[in-house]
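These notes are about the structure you will find just below.
The values are calculated or read from the model by the stated rules, or taken from the named source; none is laboratory data. Everything numeric here is computed off the predicted structure, so don't read it as measured data. Virtual Cβ from ideal backbone geometry, glycine too; neighbours counted across all protein chains shown. When the accessible area is computed, the model is the full protein with side chains, heavy atoms only, and any ligands, DNA or RNA have been set aside. Shrake-Rupley method; radii C 1.70, N 1.55, O 1.52, S 1.80 Å.
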Amino acid sequence: MTLPDDVLIDIFLSLPPHPSCLLRASLVCKNWHSIIVDNRFLQRFQALHGLPVLGVFTNSTLIPRFLPVGDPPNRVAAASFSPPLPDIHWHVLGCRHSHILLVSSTWNQLLVWNPINGYQRLISAPPDVDPRFNYGQVPESNAAVVCAANHAVHGYCHSCPFFVVWVFTTTRYAYVTRYSSEKGSWEMMASSPVPSDVDFRPSILVRNILYWPLKAKYILAFELVTHGLYHIECPPETHDIYRRNVHIMKTEDGGLGLAAVTKFNMRLWAWETDVKGVTGWVLHRIIELDKFLPLESLPSTDNHPGGRPPVRILGFVEDSDLVFIWTKTGVFAVQLKTMKHKKMFEADVCASVYPYTGFQIAGVVANDGGNVAAE
């Protein structure tokens, strides 16, 4: 007896959100595959379970470029996520909406790559950052990729158009220029005075606003819809903290948040507006990490010149409370709401990690067959 599609959908929605579950189910027959690869089903599945983390990318040359997350059989093949790069000197700038954004060592080219369907697009850097116009140097820069489709829920964006948003700072001004995959060109969007240069730490997207950390005490915000560009001062308590231990994050209700670690304590702030209409940082929680993670053997000293702090934030999963934390005993994935944690790997490397989330479904191909596209 063949079950009706609506019954099958209810069954598939009850599957656990492990990367292999939908993949295996999609291989059973053509009908099951057609149901599972349908965007409407995947959006419902994502709304119920969230997007699974398939692994993390890193720019360290001491460990593999991609490290899968999970145990067999729910562990993706690392070879499937090997960046198609001409050399090892390209750097990951971020992962979002099914795509990974990489930049060449000279910052003159970008690569947007979807490891699920093989799509690739090489993009020349915006002309505004040409060293000839910036005192002979590429200005301090960062960039982010975002889906350009008007989805209510992003996640399964394999065939969607995208934007690359490039921010650069020079002579105490920040500039934002945007590349459209549909137009194949860059367009200057905004400029604003800033107190510091943009940093290399990853961006975060919160309610249609992209946020980047600046190198000193501030966050840069760019509104995707209105093109507003402005900066926000970080809480005074974070001003003297090792900057790699201050990370922008999403709060539990989807707003702008900030996490900072000193010694073994993680403080979580939220950017909120009070009843009088005053907006500012509110400290919500202090987590004593040494009560949850096996850190007892580590010296309880803070960062000092020439040394590294005993605990460091490596990166957040953008739409989750999952954070990756480096310690001298290994790298842990920690869920901040429950403080459930798992040791991911051991490495004396504390480079930032870029989590990649998504569904790995059989039979998904790029519109262009996975070939490299160029503007």
Next on the checklist: Let me spell out the model: positive unit charges on the Cβ of Lys and Arg, negative unit charges on the Cβ of Asp and Glu, origin at the Cα centre of the chain. What dipole size does that give, in debye rounded to 20?
Outcome noted: 460 debye
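Probe radius 1.4 Å, ligands and nucleic acids ignored: give me the carbon and sulfur share of the accessible area of the chain as a rounded percent. The partial results should precede the final answer.
Values: 9170 of 17620 Å².
Answer for the chain is 52 percent, counting heavy atoms of protein chains only.
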Checklist entry - What distance in nm separates the simple spin-label points at K30 and S159, each placed 7 Å from Cα in the Cβ direction? => result 1.8 nm
Item to check | Residues of type lysines that K250 reaches as a straight line, Cα spacing below 29 Å, ignoring anything fewer than 8 places off in the same chain | outcome: K215, K217, K263, K276, K291, K328, K337, K340, K342, K343
Checklist outcome for this item: Once phi for every residue in the range 208-220 is put through the Karplus expression 6.51 cos²θ - 1.76 cosθ + 1.60 (θ = phi - 60°), the whole-Hz ³J(HN,Hα) values, with Gly and Pro written as x, are 6, 10, 8, 10, 10, x, 8, 6, 9, 6, 9, 10, 9
Checklist entry - Which value, in debye to the nearest 20, describes the size of the charge dipole of the range 156-269 about its Cα centre when Lys and Arg Cβ atoms bear +1, Asp and Glu Cβ atoms bear -1, and nothing else is charged? => result 260 debye
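At 1.4 Å probe size, with every protein chain present, just tell me what the per residue accessible area of the chain comes to in Å². All intermediate terms of the calculation are to be shown ahead of the outcome.
Working: 17620 Å² over 375 residues.
Per residue, the chain has an accessible area of 47 Å².
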Checklist entry - Between the range 254-288 and the range 44-82, what's the alpha-carbon centroid distance in Å? => result 29 Å
Checklist entry - Given only helices, namely DSSP H runs of n ≥ 4 each adding -39500 (n - 2.57), what is the per-residue ellipticity at 222 nm of the chain, to the nearest 500 deg cm²/dmol? => result -2500 deg cm²/dmol
Checklist entry - For the chain, max minus min Cα coordinate along each principal axis, in Å, sorted largest first? => result 68, 53, 50
Checklist outcome for this item: Taking a crude spin-label model, label points 7 Å out from Cα along the C-beta direction, the S14 to L62 distance in nm is 4.8 nm
Checklist outcome for this item: Farthest towards the positive end of the dipole of the range 92-208, among C147, L110, S191 and with Cβ unit charges of +1 on Lys and Arg and -1 on Asp and Glu, lies the Cα of C147
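Seen from all sides and averaged, what is the projected area of the convex hull of the Cα atoms in the range 36-110, in nm²?
6.4 nm²
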Next on the checklist: If I stretch the segment between K343 and Y230 completely, what's the gain in nm (0.36 nm per residue apart, minus their alpha carbon distance), one decimal?
Outcome noted: 36.9 nm
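Roughly speaking, what is the stretch gain from S192 to H91, that is 0.36 nm per residue apart minus the C-alpha to C-alpha distance, in nm to one decimal? Write out the running numbers ahead of the final one.
Details: separation 101, 0.36 × 101 = 36.36 nm, distance 2.68 nm.
So the chain would gain 33.7 nm between S192 and H91.
Over the range 246-297, calculate the relative contact order: mean separation of alpha carbon pairs under 8 Å at least 6 apart, over the residue count, as a percent. Write down the numbers at each step before the final one.
On the way: 80 pairs, mean separation 13.2, N = 52.
Normalised by residue count, the contact order of the range 246-297 is 25 percent.
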